[in-house]
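A short worksheet on the structure shown next.
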Amino acid sequence: MPSIRMKAAASGDTTEVQALVQHPMDSGFVKDASGNLIPPHHIETLVFQHNGKTVFTALWGPAVSKDPYLKFSFKGAAKGDALTATWIDNLGKTDTATAKIA
Amino acid sequence: MSFESTASLEATRRTALRLLAGLGLYGISMPAFADAVPGWPADAFKAKTADEALVALYGKKFEMSDKVSIDGPDIAENGGVVPISVDTKLPNVTSISILVAENPNALASSYKLGEGANPAVGCRLKMAKTTKVIAVVESDGKLYAASRDVKVTLGGCGG
């Protein structure tokens, strides 16, 4: 099951992007039910690319909420273009998804 | 009966979590994993205070500016999920960073804007307690900041 849900909609020259990523974003400060510290496990970077160019990069620490949400916008894309999002976390896990700009 | 099976499932889940936790710690002891992503500013994210984080991230001073606006709730009932958005009218913005002053590590997130990106971002952050939230915008190579206070009723860092 893909971890990234992304919506990208163009209006004129501006494309509005909303992304929701499924990820625990464990901070490393929280203990589990048996009192053991849950080690940090969080996304470090989330990169958005359009036409091979990086339009937006999120650098995240463990203070970003669980199942992170991100909203941004950029110019220069057209309806039908592909927008790719890729994240990588502190354990080296990664996922990528592509959305068609509506 | 159903309670027992739930309990044993719970035990299995805990064992699995412990195993995962072990793997996680193993990973962290390896430098290749600790700073897995090139370009992720580990020093800035590990800094305790907002000032230290900004020095590690940008290495320069900032000035407060009314051209940076930061939006969020005045009172957050759940510190685990606090919506924050930053917006600016400043030109040639290359990055936006958001810091939560009272968190164990102040830097929460930093955004690099590529060509064509509009200078605005929205996200959701965890806040340990009532805190000042600081937005820093890099425009024409200079840093401009704004801050707002968020009263947190229930902390979001499990402390």
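The values are calculated or read from the model by the stated rules, or taken from the named source; none is laboratory data. All figures in this text were calculated on a predicted structure; none of them were measured in a lab. Neighbour counts are summed over all protein chains in view; Cβ atoms, including those assigned to glycine, are modelled from backbone coordinates with ideal geometry. Accessible surface areas use protein heavy atoms only, side chains included; no ligands, DNA or RNA. Shrake-Rupley method; radii C 1.70, N 1.55, O 1.52, S 1.80 Å.
Quick one: is B:Ser69 small (Gly, Ala, Ser), more than 11 Å from chain A (Cβ to nearest Cβ) and open to solvent by 30 Å² or more (accessible area, probe 1.4 Å)?
Details: small (Gly, Ala, Ser): yes; more than 11 Å from chain A (Cβ to nearest Cβ): yes; open to solvent by 30 Å² or more (accessible area, probe 1.4 Å): yes.
Considered against the rule, which asks whether it is small (Gly, Ala, Ser), more than 11 Å from chain A (Cβ to nearest Cβ) and open to solvent by 30 Å² or more (accessible area, probe 1.4 Å), B:Ser69 comes out as yes.
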- What number goes with the only condition from (1) closer than 17 Å to B:Glu115 by Cα; (2) aromatic (Phe, Trp, Tyr); (3) at the interface with another protein chain (Cβ under 7 Å from one of its Cβ atoms) that A:Tyr69 does not pass? (1)
- Note on the structure: Restricted to segment B:130-159 and to residues being touching a strand residue (DSSP E or B) at 6+ places or on another chain (Cβ under 6 Å) and acidic (Asp, Glu), the residue least open to solvent (accessible area, probe 1.4 Å) is B:Glu138
- Query: In segment B:74-93, which residues are within 10 Å of chain A (Cβ to nearest Cβ) and open to solvent by 40 Å² or more (accessible area, probe 1.4 Å)?
  - Reply: B:Asn78, B:Val81, B:Pro83, B:Ser85
- Query: Can you pull out the residues in segment A:1-58 that are under 14 Å from A:Lys93 (Cβ atoms), open to solvent by less than 60 Å² (accessible area, probe 1.4 Å) and either more than 9 Å from chain B (Cβ to nearest Cβ) or among the hydrophobic types (A, V, I, L, M, F, W, C) (or both)?
  - Reply: A:Ser3, A:Ile4, A:Val21, A:His23, A:Pro24, A:Met25, A:His42, A:Ile43, A:Leu46
